[in-house]
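See structure below.
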Amino acid sequence: MAEFPERKFCDNCGNLMIPKQTPEGIVFKCRYCKMEVLVTEDGERVIKPPLKVPNHHSETLWVNGHSVPFYYLGYYIPKRRGYPDEFSQQVLEFKQGYPFIVSRFAEEVVNLIRFRELEPDIIVPIPRSSAGKIGLGHRQLAEYISRTLGIRNGTGVLVRKISVPSAHLARSLEERPNEALHNFSISCTGDIQDLRVLLFDDILTTGATAMACIKKLFRCGASEVYLITLAKTGMG
Ligand SMILES: [Zn+2]
């Protein structure tokens with residue numbers, strides 16, 4: 001037997017790799033970028049390329065005793081506080097369904113899901129404030145993620161039955177719809193019994209919409225819910 005290295009550091013990101021004995025040799029896996037290298041007597045070979053890890057933030061939401069991992073890519077700074085920064089501008093372009101921006105964000109969300117090793121069975125976009133509407137960017141992103149990860153496309157599982165005022169257009173906190181109003185106006189229509197649901201939205205502002213949707217999904221039978229948004233509204 002050739003001598004195998006006891007410790008190996010990732011060539012991509014420098015982190016310590018975890019060894020695992022397999023019939024082919026020892027597979028070293030990087031805990032951070034997920035690169036895998038097979039080491040045999042003949043030498044070593046990359047068997048899984050490193051992930052491009054997106055910049056992101058992570059939080060945990062507690063909803064009726066369930067822990068819900070929440071990830072987002074950056075902060076959205078509202079326009080009225082000054083000239084929009086590049087990221088906030090792209091989030092607005094996503095809303096309008098600009099294909100280039102949508103596919104770039106969709107790729108980042110896929111990288112994030114792989115990096116966090118989430119295993120959703122279905123992706124469900126959060127509906128818009130207007131009854132019956134789901135944003136163009138939301139539809140395209142759900143379609144991309146469903147195809148890329150081979151999971152169900154749950155567009156329409158959550159449906160807005162009654163229009164509510166848009167939180168982004170509200171001039172004061174009091175004008176924004178609260179969780180009870182969202183709960184009243186959104187229905188869960190699909191069969192999601194025992195499924196792990198990836199809930200997606202572009203911007204989380206007060207969290208009232210997301211909270212109402214998460215509770216709906218659990219009541220509808222979801223076994224787990226993960227929330228991913230492109231942005232969280234930050235202070236400008
Ligand atoms: Zn690495």
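The values are calculated or read from the model by the stated rules, or taken from the named source; none is laboratory data. On a predicted model such as this, the values are computed, not experimentally measured, just so you know. Reconstructed Cβ throughout: ideal geometry from the backbone, glycine too, with neighbour counts over all protein chains shown.
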Check whether at least one residue in the stretch 108-117 is assigned to a loop (DSSP other than H, G, I, E, B) and not hydroxyl-bearing (S, T, Y), and report yes or no.
yes
Of all strands (runs of 3 or more DSSP E) fully inside the stretch 1-102, the set with 3 or more residues that are more than 16 Å from the ligand (Cβ to nearest atom) is 57-63, 66-76
Quick one: D194 ticks every box in (1) of a type in the set (D, E, K, R); (2) on the phi > 0 side of the Ramachandran plot; (3) at pLDDT below 90 bar one, so which box is it?
(3)
I'd like to know if the stretch 105-112 contains one or more residues that are within 16 Å of the ligand (Cβ to nearest atom), not assigned by TED's automatic domain parsing to the domain that holds V225 and not acidic (D, E).
no
